[in-house]
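Data block below; observations after.
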Amino acid sequence: IFRQFSKKKTRLCIISSRAKTITSFAEKIQRKRKKYDDPVNQLTDLCGVRVITYTIDELHEVCEFVEKNFEIDRENSIDVDQRHKIAEFGYRSIHYIVKLIPGVFPNDDFDIKIPDNVYNMKAEIQIRTILEHSWADFFHHVGYKKGYKIPQEIERELYRLAAMLEEGPCRHGSRGSSTGIQ
């Protein structure tokens, strides 16, 4: 769906998708064992897609597409940037937890066959700009889920870089709260 959307509606998006591996699933339910008593049915990211845009305007286009064409689990969806206080910088991404709506796809614009057995399943859609993705990918490799604390001076440099990237050339306009999710 998102590969076809990118070809029709945006200059160029980077689209990646994945199903959670069994190892990652096992690690997550172990790490959050108090939260889930039925993880297969409770986890909201057993599969997902990441849409990386070049501009904030394209990010808004993708968000609008998601809002119009998917059932959104608003309780579990988040615009991560909305958690930052005014003087905080760091990870920025919009995370939607969604379900497909029967009858929306296929249509005249999207020739995609949807198996009937997936309509009750949830998936995660992450949307961010290329600069936000660059920072997040680097930070993920340096410190996230590593089991040790990043030295404070390096962590400070990473957050300083996040602040600089917010003003990069791909930010045409402010993000605001166009997603409708908090």
| remark: Picking from Ile181, Ile112, Ile150, the residue that is among the aliphatic types (A, V, I, L, M), open to solvent by less than 70 Å² (accessible area, probe 1.4 Å), modelled with pLDDT under 65 and part of a loop (DSSP other than H, G, I, E, B) would be Ile181
| task | Give the residue that is nearest to Ile127 (Cα to Cα), with candidates limited to residues of the stretch 1-19 that are open to solvent by less than 70 Å² (accessible area, probe 1.4 Å) and polar (S, T, N, Q). | result | Ser16
| the stretch 115-133: number of residues that are open to solvent by 70 Å² or more (accessible area, probe 1.4 Å) and closer than 17 Å to Ser6 by Cα | 0
| said: If I filter the stretch 95-108 for residues that are within 21 Å of Leu43 (Cβ to Cβ), open to solvent by less than 30 Å² (accessible area, probe 1.4 Å) and touching a helix residue (DSSP H, G or I) at 6+ places or on another chain (Cβ under 6 Å), do I get at least one hit? | reply: yes
| message | For the stretch 20-53, give me the residue count where each residue is touching a Leu at 6+ places or on another chain (Cβ under 7 Å) and open to solvent by 70 Å² or more (accessible area, probe 1.4 Å). | response | 0
| task | Could you grab me the full set of residues in the stretch 16-51 that are part of a loop (DSSP other than H, G, I, E, B), out of contact with any strand residue (DSSP E or B) (no Cβ under 9 Å at 6 or more places or on another chain) and in contact (Cβ under 8 Å) with a residue 12 or more places away in the chain? | result | Leu43
| field | Contacts under 7 angstrom Cβ, first residue in the stretch 93-104 being without any contact (Cβ under 8 Å) to a residue 60 or more places away in the chain, partner in a strand (DSSP E or B) and of a type in the set (S, T, N, Q), 6 or more apart | value | Ser93/Gln126; His95/Gln126
| task | List the number of the failed condition for Arg156; all other conditions in (1) farther than 16 Å from Ser17 by Cα; (2) modelled with pLDDT of 70 or more; (3) not in a helix (DSSP H, G or I) hold. | result | (3)
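The values are calculated or read from the model by the stated rules, or taken from the named source; none is laboratory data. No experiment lies behind these values; they were computed from the predicted model shown. Neighbour counts are summed over all protein chains in view; Cβ atoms, including those assigned to glycine, are modelled from backbone coordinates with ideal geometry. SASA here: full protein model, heavy atoms, side chains in, ligands and nucleic acids out. Shrake-Rupley method; radii C 1.70, N 1.55, O 1.52, S 1.80 Å.
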